[in-house]
1. Considering the range 104-126 alone, what residues qualify as being modelled with pLDDT under 95 and more than 27 Å from Val175 (Cα to Cα)?
2. What number of residues within the range 130-176 are assigned to a loop (DSSP other than H, G, I, E, B), touching a Leu at 6+ places or on another chain (Cβ under 9 Å) and among the β-branched types (Val, Ile, Thr)?
3. Condition first: open to solvent by 20 Å² or more (accessible area, probe 1.4 Å), in contact (Cβ under 8 Å) with a residue 24 or more places away in the chain and in a strand (DSSP E or B). Now tell me which residues in the range 98-129 satisfy that.
4. Taking the residues in the range 36-52 that are at pLDDT 95 or above, under 18 Å from the mean Cα position of the chain (by Cα) and not hydrophobic (A, V, I, L, M, F, W, C) as candidates, determine which candidate is least open to solvent (accessible area, probe 1.4 Å).
5. Test Arg90 against the stated conditions and say whether it is open to solvent by 60 Å² or more (accessible area, probe 1.4 Å), touching a helix residue (DSSP H, G or I) at 6+ places or on another chain (Cβ under 9 Å) and not hydrophobic (A, V, I, L, M, F, W, C).
6. What are the residues in the range 68-81 that are open to solvent by 40 Å² or more (accessible area, probe 1.4 Å) and charged (D, E, K, R), if any?
7. Looking at the range 53-67, which of the residues that are closer than 17 Å to Gln115 by Cβ and touching a helix residue (DSSP H, G or I) at 6+ places or on another chain (Cβ under 7 Å) is most open to solvent (accessible area, probe 1.4 Å)?
Amino acid sequence: MRATLAAAAVFLLTRTPASAHRLDQYLQGILISVEKGSIHVQLTLTPGVAVFPAVLAAIDLDADGAITEIEQRAYARRVLSDLSLTIDGRALTPKLSSMNFPPLEDMQDGRGKIQMEFDADLPAGGPERRLTLKDEHQSRIAAYQVNCLVPSDPDIRIVAQNRDYSQSFYQLDYVQAGVSSVRPSSAGWAGAGWLGAVALLLVARFALLRKQRAA
C-alpha cells in the first residue's frame, strides 16, 4: 500500500516551489504517511553537482572514494539525529526501516538519489492530533520539501499543513474518527475515590476526639 501511494504521489495542499533543483543545493524531499498508531517517513536526498563534494565528505568518512554499508548506516543515523518529530508536543523516536544509496557516479552528475525510510510509533491521543517535523540536516546547503500523502485509512482526515518559508519546519493537523478524547482511567478514578474516603474518615475521627475532649 505504501509503495502504491508513493508511486501515485498524491499530495495535499502542496506548496512546493516551482523552480527546478539547483546545482548548489542539497534537495531533501520528505513524504509523510499517517496512520492511527504510527507514521511512515520517506526521505529522498539529492545532492547538486556543486555540493556533491561536501555531501560525499560527510558520508565517506575514510575518504577512500567508496561508500561502505557501515558508512551508509552511520550517515543514516546522522540524518535521523538531525530530524525532530513530535506528536501533540510529545517527542517521537523514529527508527530506520530501509535505505538505498545510488552509485557515486550518479550522485556526482546530480542524478543520484539517496533514499531512506523511517517509522515511528505514536502514543495514544485524542481525535485531534498535531504532528510537527523539523529538519536541520545540512541546513547550510539544503533545500527542503515536505508533503503528506492522502491517508489510506478513511477514518483519518487531513485538516491543515503549515510550513515555514524554507520548509525545514512543518506542521500537520489531522483528525481521526473512532477515537474518544483521552480521559482518566477507571483505575485512576478508583484511586482518587479511595483517597477521598480516607480523608473523610480522618476528618470524622478528628471531630469525634474534639467532642469527647469538650465533654
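1. Within the range 104-126, Leu104, Glu105, Asp106, Met107, Gln108, Asp109, Gly110, Arg111, Gly112 qualify.
2. Count: 1.
3. If the condition is that a residue be open to solvent by 20 Å² or more (accessible area, probe 1.4 Å), in contact (Cβ under 8 Å) with a residue 24 or more places away in the chain and in a strand (DSSP E or B), then Met99, Gln115, Glu117, Asp119, Asp121, Glu128 are the ones that fit.
4. Residue satisfying both the conditions and the ranking: His40.
5. Working: open to solvent by 60 Å² or more (accessible area, probe 1.4 Å): yes; touching a helix residue (DSSP H, G or I) at 6+ places or on another chain (Cβ under 9 Å): no; not hydrophobic (A, V, I, L, M, F, W, C): yes.
So Arg90 fails the test.
6. Glu69, Arg73, Arg77, Arg78
7. My answer is Ile67.
Residue by residue, here is whether (1) touching an Asp or Glu at 6+ places or on another chain (Cβ under 6 Å); (2) farther than 20 Å from Gln161 by Cβ holds:
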{"position": "Ile70", "(1), (2)": "no, yes"}
{"position": "Arg78", "(1), (2)": "no, yes"}
{"position": "Asp88", "(1), (2)": "no, no"}
{"position": "Thr93", "(1), (2)": "no, yes"}
{"position": "Leu96", "(1), (2)": "no, yes"}
{"position": "Gly112", "(1), (2)": "yes, yes"}
{"position": "Leu122", "(1), (2)": "no, no"}
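The values are calculated or read from the model by the stated rules, or taken from the named source; none is laboratory data. These numbers come from a predicted model, not from an experiment. In this analysis, Cβ positions are derived from the backbone assuming ideal geometry, glycine residues included, and neighbour counts consider all displayed protein chains. Side chains included, ligands, DNA and RNA excluded: accessible areas come from the protein's heavy atoms. Shrake-Rupley method; radii C 1.70, N 1.55, O 1.52, S 1.80 Å.
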